[in-house]
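This report refers to the structure that appears directly beneath it.
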Amino acid sequence: MEICRQDQALEIRELDPFLAELLRQVPESAQPKDSPAAEERLFSAPAAPEEKDLCAEWKVYVVPELRRLFQSATETIRQDLEQLQCTGKPFANCTLRIPLAHTDAWLNALNQARLAIAATYQFSDHELCDHYRSPLGSRRDLSLFQVNFYGFLQEFILREMEGNS
Amino acid sequence: MGWLRWKEEAKFATTMVIDFPDAALEAPTIEKKEATSQEIEIPWNVVVHNDPVNLMSYVTMVFQRVFGYPRERAEKHMLEVHRNGRSILWSGVRERGELYVQQLHGYLLLATIEKTV
């Protein structure tokens, strides 16, 4: 895999089918679905529980806004991910082109996915810092690899945005 | 006037009384001033809490964007969050603090608003 800046876009070239599949899973992974832990993390409380009125109003007025914001980010990246519907050879490497105008949406969606996965699997600080752990084995290990891979992409996007500003 | 002193005075005195030391010369003038709810409102802190998932570089970028802090100040707060578990990013009136917390939640940071007490 190779990532580089190409005009007004970031290009991820030579994406092997495994990593391409992980990228295709970003929008799905960003949804809390049946995980109360993920829902709680993505829509965390704005104040201590004693501030009952504030927390109640937040749920009514702010959470729907946040939900729309997050949904908008995942929809944007879903459109970009359509490029990964490889029409050629089934196991060929692909290229993903992320327009610079979509980088905020990517950062947000990748973050949603990382937080939702980490909350669902309740990864410890130690696990999250252990970058040498083998991704093979359980679904949990694969999810940890997913969190780290998405984090790597976030780092790259941030670096490019910083260079651009 | 420091916040704490201001707060204490606002709490117990919604009227301001001005009396002169030499009251024998003429009757003291008493002026009353109604304090608005904004005046007596205590300041709130916007606090960001540690989160092992969010990247340090991402958190720094968010602080720069939301609060307009220069990179050095944003990094200082990010490291404070990382090392101490939390950092106070801003203090002031509640409405603005709530807006900041909403923005921070939009970036998926763990942020809360709390009274300065």
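Observations
- Considering the conditions (1) closer than 22 Å to B:D51 by Cα; (2) surrounded by 16 or more Cβ atoms within 10 Å (Cβ to Cβ); (3) of a type in the set (G, A, S), A:A37 is excluded by exactly one of them, (2).
- Residue within the range B:95-102 that is among the aliphatic types (A, V, I, L, M) and either in contact with a helix residue (DSSP H, G or I) (Cβ under 8 Å, 6 or more places away or on another chain) or in a strand (DSSP E or B) (or both) present: no
- Among the strands (runs of 3 or more DSSP E) confined to the range A:1-103, the ones with at least 2 residues that are among the charged types (D, E, K, R) are located at A:2-6, A:9-15.
- Test: residue in the range B:90-97 that is in contact (Cβ under 8 Å) with a residue 12 or more places away in the chain, within 12 Å of chain A (Cβ to nearest Cβ) and of a type in the set (S, T, Y): no
- Filter pass, A:S29 being surrounded by fewer than 17 Cβ atoms within 10 Å (Cβ to Cβ) and either of a type in the set (G, A, S) or touching a Cys at 6+ places or on another chain (Cβ under 7 Å) (or both): no
Yes/no per residue for (1) within 10 Å of chain B (Cβ to nearest Cβ); (2) in contact with a Phe, Trp or Tyr (Cβ under 8 Å, 6 or more places away or on another chain); (3) modelled with pLDDT of 95 or more:
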| site | (1), (2), (3) |
| --- | --- |
| A:K33 | no, no, no |
| A:A45 | yes, yes, yes |
| A:E50 | yes, no, no |
| A:W58 | yes, no, yes |
| A:Y61 | yes, no, yes |
| A:E65 | yes, no, yes |
| A:F70 | yes, no, yes |
| A:L84 | no, no, no |
| A:H102 | no, no, yes |
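The values are calculated or read from the model by the stated rules, or taken from the named source; none is laboratory data. Note that the coordinates shown come from a computational prediction; the quantities given were computed from them, not determined experimentally. For neighbour counting, all protein chains shown are included, and Cβ atoms are generated from backbone atoms with ideal geometry for every residue, glycine included.
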